[in-house]
1. Looking at (1) surrounded by fewer than 22 Cβ atoms within 10 Å (Cβ to Cβ); (2) modelled with pLDDT under 95; (3) over 29 Å from Phe49 (Cβ atoms), find the lone condition where Ser319 falls short.
2. Among the basic types (Lys, Arg), on the phi < 0 side of the Ramachandran plot and surrounded by fewer than 20 Cβ atoms within 10 Å (Cβ to Cβ) - does that describe any residue in the stretch 346-358?
3. Go through the stretch 231-250 and give me each residue that's in a loop (DSSP other than H, G, I, E, B) and touching a Lys or Arg at 6+ places or on another chain (Cβ under 7 Å).
4. Could you please find all residues in the stretch 203-222 being away from the ligand (no atom under 16 Å from the Cβ) and either closer than 23 Å to Val363 by Cα or of a type in the set (A, V, I, L, M) (or both)?
5. Six or more apart or on different chains, Cβ under 6 Å: which pairs go from a residue in the stretch 283-302 that's under 18 Å from Tyr222 (Cα atoms) and hydrophobic (A, V, I, L, M, F, W, C) to one that's within 12 Å of the ligand (Cβ to nearest atom) and part of a loop (DSSP other than H, G, I, E, B)? Could you list them?
6. Against the definition (within 20 Å of the chain's Cα centre (by Cα) and under 19 Å from Arg352 (Cα atoms)), how does Pro294 come out, yes or no?
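The values are calculated or read from the model by the stated rules, or taken from the named source; none is laboratory data. This is a predicted model, so every value here is computed, not measured. Here the Cβ is made from the backbone with ideal geometry for all residues, glycine too, and neighbour counts use every protein chain on show.
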Amino acid sequence: MLKSVFVVIVVFGAAACAAPTPNGLVVQDGAYEVEVVIEGFERAWGLDFLRPHEDGMALVTERTGSLFLVDLESGDRQEVGGEVPSVVARGQGGLLDVAVHPDFGEGDNHWIYLTYSGANEAGNAYATHLGRARLNANEPALHDFEVLFVAEPFDSSNGHFGSRIVFNPDGYLFMSSGDRRQRDSAQDLSSGWGKIFRFNDDGSIPSDNPFVGVDGAVDAIYTYGHRNPQGLAIHPISGALWQNEHGERDGDEINIIDTPGGNYGWPVATYAREYPTGRPINDFPHERDDIVNPIFWWDGTRYDDGQSGFPPSGMAFTSAGLFMGNLANQYLGWFDLQGTDRSDAEILGETRIVGGYGRVRDVRSPDHSDMLYILIDDDDAPLLRVRVLE
Ligand SMILES: [Ca+2]
């Protein structure tokens, strides 16, 4: 499957190219518009919309620990006070993603959800936390903050925390966690590392989660065998959860999280290779029948112009296809996606757009139309609005 040569589409005759990426990759210009909505974020990481009830308003996290309420029309932003959790902003950790309850604004529902790396009581080890609080958008401030889940164990390392959160159409909350750079943890059902979790909106565990009642297993686990998941998005037609994650040397993946209890491979089956030697880490996914294969992956042969993999971040679906932020190569990937589910989904090509701004961290579309918002993860960096011209 998907063995055909992967072609980076370069449209000749388009306007002059935007600023090149750090490694000189050609980035297309002319098929989309970019607009700076707000400038001056420090290490922006996550974004979600208060729509439909407060259309045009959104929340933005900075990894360094601040939460902002932003007006996407006027460009105004206000820092949210009150019970914003204290985070450990170190390495890849800090204040990570934000998700707004799908019924936010109905009745007294003002719940918003955050993931972040937090410390243990001794302050010397960290874990990815999920919490929620009520947002008063007038102050603006958080109230009634509570921790819902901690992806234990705590560890002193500062890498591979994940973490994205997203609600699906059935109202379940999904959360990702990384393997904390300890590979085998992703296969260990008693560990909260390297997993996708599923919760009810109050943080309780759905009774039909696949490992409920399994001795020693973390009952929040929905799928396992993930290295460092960075993007979660709901497909607008199927309602299925899609995910991307970082490989090692190559092995970056796009997955459909459609198999409750599924083993998604890391590190027993992966297209990633060892950093120092380039040798395969273990089996390849297609060699195993007990592994849920990625629907698309980077094995080092996708590009012929110097790019190796696609270190992904946020992802979003729009009417024009699938968009994913590229961190190291600093552009927005626009993927020509055909089909909707595992049986027919196919990516036919990629166009590099919006280069030259910095690492593209979060990518979100409010309504799956032709418009999306992206966050640049850098010092003094912008929130950008991108409109695809088709
Ligand atoms: Ca995998």
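1. Going through the list (1) surrounded by fewer than 22 Cβ atoms within 10 Å (Cβ to Cβ); (2) modelled with pLDDT under 95; (3) over 29 Å from Phe49 (Cβ atoms), Ser319 breaks only (3).
2. Here is the first cut: in the stretch 346-358, the ones among the basic types (Lys, Arg) are 352.
Among the residues that remain, those that are also on the phi < 0 side of the Ramachandran plot are: 352.
Pick out the ones that are also surrounded by fewer than 20 Cβ atoms within 10 Å (Cβ to Cβ) and you get none.
Looking for residues that are among the basic types (Lys, Arg), on the phi < 0 side of the Ramachandran plot and surrounded by fewer than 20 Cβ atoms within 10 Å (Cβ to Cβ), one finds none in the stretch 346-358, hence no.
3. We begin by selecting, within the stretch 231-250, every residue in a loop (DSSP other than H, G, I, E, B); these are 235-240, 246-247.
Within the stretch 231-250, His246, Gly247 meet the criteria.
4. First pass over the stretch 203-222, keeping only residues away from the ligand (no atom under 16 Å from the Cβ): 203-220.
Those that are away from the ligand (no atom under 16 Å from the Cβ) and either closer than 23 Å to Val363 by Cα or of a type in the set (A, V, I, L, M) (or both): Ile205, Val212, Val214, Ala217, Val218, Ala220.
5. Every condition considered, the pairs that remain are Ile291/Gly265; Val292/Thr259; Val292/Gly262; Val292/Tyr264.
6. Working: within 20 Å of the chain's Cα centre (by Cα): yes; under 19 Å from Arg352 (Cα atoms): no.
Against the criterion (within 20 Å of the chain's Cα centre (by Cα) and under 19 Å from Arg352 (Cα atoms)), Pro294 does not qualify.
The rows are residues; the columns are (1) surrounded by fewer than 23 Cβ atoms within 10 Å (Cβ to Cβ); (2) more than 21 Å from Gln182 (Cα to Cα); (3) away from the ligand (no atom under 13 Å from the Cβ).
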{"residue": "Tyr224", "(1), (2), (3)": "no, no, no"}
{"residue": "Asp252", "(1), (2), (3)": "no, no, no"}
{"residue": "Trp266", "(1), (2), (3)": "no, no, no"}
{"residue": "Arg273", "(1), (2), (3)": "yes, no, yes"}
{"residue": "Thr277", "(1), (2), (3)": "yes, no, yes"}
{"residue": "Pro280", "(1), (2), (3)": "yes, no, yes"}
{"residue": "His286", "(1), (2), (3)": "yes, yes, no"}
{"residue": "Ile295", "(1), (2), (3)": "yes, yes, no"}
{"residue": "Thr301", "(1), (2), (3)": "yes, yes, yes"}
